[in-house]
Amino acid sequence: MIRTPNGVECRRRLRQLAFLILLLAVSRPASSQKDRLFSIPLEDLRTWSRKVIVPLNVEVSGHSKVHKVEADCEMHFGAKASGYDGDPDGWVLEPMNLCLESFPGKSGHSNKDWEDFGDSLKGARVRVEGIPRIWPEHLIGGGPSNPNHAVELHPLVKLQRGNHVYDFTSFVYAPDGFPGGLFKAAQESHGKQIAVPNVTWRIGGRCRRISRLQ
């Protein structure tokens with residue numbers, strides 16, 4: 001014979017189930033929201049609105065491999081910027097087309113030249129210039145070449161270490177095999193005209209604006 005629980009037993013089991021659901025709800029990790037929240041100091045936004053290319057003093061934490069052309073043909077540098085108070089506080093610096101361009105002073109292209117260069121910069125303090133981009137797809141879970149960040153210099157157009165300056169301005173074009181963008185001949189004919197999309201922010205305090213991704 002199959003026994004079914006009576007009314008008292010049913011209510012007891014429902015209370016147990018409700019308690020378990022509540023326990024799971026309050027014990028959810030904070031990262032469930034952390035991956036959708038970031039902040040950028042308002043003064044930085046004002047500065048970026050007045051300039052296309054901005055300078056930063058950074059410490060390089062690591063670098064990626066040189067990506068293939070169908071990915072983005074770049075090498076990404078992770079960094080922390082001096083005086084930057086955003087959350088998260090990481091930056092990613094992205095010089096373009098390193099999978100095609102030769103390292104300065106070399107007669108031919110080699111990914112290893114660029115990756116050796118990246119190795120030499122790990123832990124170095126350098127001055128960089130580029131176009132700030134708000135790109136909050138890696139707010140959590142990063143590493144040395146891709147730290148937790150909401151902002152990037154993309155493209156990175158100049159890097160200075162000591163008296164040595166590396167200029168990547170001529171690397172800004174879309175290569176054959178990469179979908180979208182301007183090809184090199186078009187980039188040269190258009191010069192440095194750059195369109196920056198409008199960004200809408202929600203004010204969340206006196207000195208900072210906070211954006212929530214939907």
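A few points about this structure:
- Ser64 being at pLDDT below 95 and of a type in the set (Ser, Thr, Tyr): no
- Test result for Arg133, at pLDDT below 50, of a type in the set (Lys, Arg) and touching a strand residue (DSSP E or B) at 6+ places or on another chain (Cβ under 7 Å): no
- Pick from segment 123-136, criterion under 19 Å from Leu45 (Cα atoms) and of a type outside the set (Val, Ile, Thr), ranking: surrounded by the fewest Cβ atoms within 10 Å (Cβ to Cβ): Trp135
- Only one of the numbered conditions (1) modelled with pLDDT under 95; (2) assigned to a strand (DSSP E or B) is violated by Pro55, and that is (1).
- Check on Ser120, crowded, with 18+ Cβ neighbours inside 10 Å, of a type in the set (Ser, Thr, Tyr) and closer than 14 Å to Val60 by Cβ: no
- Among residues of segment 124-138 that are under 13 Å from His154 (Cβ atoms), those with a beta-carbon under 7 Å from a residue that is buried (at least 19 other Cβ atoms within 10 Å of the Cβ) and among the acidic types (Asp, Glu) at least six positions away or on a different chain give the pairs Arg133/Glu152; Trp135/Glu152.
- Test: residue in segment 154-176 that is modelled with pLDDT under 80, part of a loop (DSSP other than H, G, I, E, B) and not charged (D, E, K, R): no
- Filter pass, Trp48 being assigned to a helix (DSSP H, G or I), buried (at least 16 other Cβ atoms within 10 Å of the Cβ), of a type outside the set (Ser, Thr, Tyr) and at pLDDT below 95: yes
- Hey, Phe103 under 22 Å from Asn163 (Cβ atoms) and aromatic (Phe, Trp, Tyr) or not: yes
- Residues that are more than 29 Å from Thr47 (Cβ to Cβ) and either touching a strand residue (DSSP E or B) at 6+ places or on another chain (Cβ under 9 Å) or assigned to a loop (DSSP other than H, G, I, E, B) (or both) within segment 74-111 comprise Cys99, Leu100, Glu101, Ser102, Phe103, Pro104, Gly105, Lys106, Ser107, Gly108, His109, Ser110, listed in sequence order.
The values are calculated or read from the model by the stated rules, or taken from the named source; none is laboratory data. As the structure is a computational prediction, the values presented were derived from the model and not from experiment. Note: ideal-geometry Cβ built from the backbone for every residue, glycine included; neighbour counts use all protein chains shown.
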